[in-house]
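I have placed the structure first, in the form of structure tokens, so that the comments after it can refer back to it.
Bear in mind that the values in this text are calculations on the coordinates, not laboratory data. Remember, it's a predicted structure, so these values are computed and weren't measured experimentally. Please note: Cβ atoms are built from the backbone with ideal geometry, for glycine as well, and neighbour counts cover all protein chains shown.
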Amino acid sequence: MDQLWRNVSDWLRVLKGQAIGDHISPNRLRDIYSLDLGDKTSQSELNQLVYEYTQKSVNTQSPYFVNQLYGGIDPIAAFGEWITTLLNTSMATFEIAPLATLMEREMIQKIGGFLHGSSDKTCGLMTPGGSQSNLMALLCAKQKLYPDSKEKGWLPNQHVILVSKESHYSFKKAALVMGMGTDQVWGVEVDEYHQMDIEDLKLKIKKAKTENKKVLLVGATVGTTVWGAFDPVSEMSEVCKVDNTWLHIDGSWGGVRVFDSESYKKEWSLGNSFTMDFHKYFNAGLLSAFFITQEKETFELAAQTGGQAYIFHTQEENLDLGPYSLQCGRRVDSFKTWLYWKSYGDEGLRQKVQDGLGVIAQIKAELLQNKNFKLLHDPSFLNVCFQVIDSDGENDQKDNNQKRKDNLHKSIREDLMKSGACYINFSENKKDGTFFRFVLSQNHFNLDHFKVILDSILKSKKTLENF
């Protein structure tokens with residue numbers, strides 16, 4: 001066991017110091033890698049294929065992988081992941097995953113405790129990502145509004161979901177699964193800080209009533225994908241109380257602030273449900289997501305459809321989590337996450353959040369004093385949106401100039417990826433055009449790493465302008 005732990009730690013340490021890897025086209029990968037199936041393969045050939053896979057994959061352990069809302073994996077979580085894979089069991093019942101079940105329930109109670117204090121009403125489960133957590137919220141909202149809808153069905157297109165225009169696209173995917181259609185997901189306007197506009201929320205509710213539609217759920221995003229903005233949950237809660245509307249808090253990205261912010265914990269306790277992911281900023285490994293609610297009876301009925309005759313047998317203490325999940329064969333994500341949390345403790349995780357916010361403050365200061373870049377907002381979490389200054393074409397027509405700036409940012413990003421220097425994403429809107437979206441998704445990232453990224457952007461810009 002000690003040797004396995006050392007192997008995992010050593011390998012991840014090496015990966016952190018290596019380049020991200022070459023960006024290889026799909027056709028080139030098909031040419032150089034043996035993807036075909038059929039004949040039996042020898043052990044030596046398999047070993048070579050495994051090696052080539054590691055060399056031709058993206059190295060997310062690199063500090064210069066800042067492309068997604070997740071980065072590398074913590075060594076402790078990776079060790080737990082390996083053990084989980086070797087034991088190869090499912091979270092369907094307590095009898096086949098006894099400790100894993102108790103670990104999952106312990107973490108659910110702990111997160112619920114952050115929001116609501118000690119409560120026997122706290123319940124939930126781990127899900128394969130925030131997208132399914134948001135779907136679980138919709139199922140619970142429907143169960144609460146129509147207790148017999150699970151058996152008798154409902155009229156999905158007579159309902160709407162209200163989320164900010166900066167919310168995650170998973171709400172539209174959830175609407176598809178619910179049979180509502182994406183047109184029933186109404187985007188609420190945001191203010192200058194990219195937070196949900198409360199007045200427009202009220203207008204959207206009024207509009208729904210005018211069209212004889214019911215609001216199934218209002219979704220607050222705490223940590224939007226692009227800007228890292230936090231919707232005003234307290235004000236949204238007051239609006240939702242009027243018609244007793246389910247308020248879901250999507251904390252898939254920003255929910256980690258339950259570890260360091262008393263004000264956020266108090267505010268987020270106003271929601272009917274809450275989700276947070278450990279696999280994003282905490283680097284606890286894909287996937288480590290939680291859905292939490294205080295609506296115990298609603299939750300237990302929302303997805304339960306049977307199985308007692310052959311799998312969910314009656315027990316003195318009902319610990320099975322399978323009846324409440326949308327899957328039967330649900331993977332064990334609890335052990336690696338519990339092991340990670342156990343290792344760092346509450347204080348260690350609180351410090352990780354504070355350290356990340358400290359790095360963001362340094363990055364903000366760097367961008368504000370660097371004449372080659374323009375900071376587009378005052379970062380409120382771990383996202384920083386910025387542009388490189390385009391000194392050419394000032395006398396061109398505005399539309400042509402903007403188009404060139406947009407193309408420049410996209411070309412720089414493509415160049416950085418192809419060279420293996422950096423993976424950084426971009427976004428765009430009508431006001432700002434195209435811009436870089438940096439996310440602090442690596443625990444070991446610091447200001448020096450960011451300066452390297454800025455230098456790489458400027459070098460790429462110079463090369464492209466001279467090409």
Completion exercise
Whole-Å distance linking the alpha carbon centroid of the stretch 428-448 with that of the stretch 138-181 is 32
Practice task
Would you mind checking which residues have amide H under 5 Å from LEU321's amide H? H placed 1.01 Å from N; only 5 or more apart, or other chain.
Solution key: PHE94
Handout entry: Surrounding net charge for THR84, when Lys and Arg each add one and Asp and Glu each subtract one, Cβ distance under 14 Å
Key = 0
Problem - Shape call, the stretch 2-75: gyration tensor on alpha carbons, a/c limit 1.5 - result: oblate
Completion exercise
For the chain, the charge dipole (Cβ of Lys, Arg +1; Cβ of Asp, Glu -1; about the Cα centre) points to a positive end, and the Cα of ALA100, MET196, SER57 closest to that extreme belongs to MET196
Practice task
Give the cross-link partners of LYS144 among the lysines, using a straight C-alpha distance below 17 Å as the criterion and excluding same-chain residues fewer than 8 apart.
Solution key: LYS121, LYS152, LYS213, LYS214, LYS241, LYS296
Problem - the stretch 165-178 - phi-based ³J(HN,Hα) in whole Hz, Karplus 6.51/-1.76/1.60, Gly and Pro as x - result: 5, 9, 6, 6, 5, 5, 5, 6, 4, 5, 4, 4, 4, 6
Handout entry: Whole-Å distance, taken between Cα centres, linking the stretch 62-119 and the stretch 218-253
Key = 25
Problem - Label assignment, mean projected area of the Cα convex hull in nm² derived from the structure, set (1) 26.6; (2) 31.7; (3) 21.7 - result: (1)
Handout entry: For VAL163, distant residues with modelled amide H under 5 Å away
Key = TRP186, VAL188, GLY219
Problem - Nonlocal amide H pairs with PHE426, under 5 Å, H built at 1.01 Å - result: ARG437
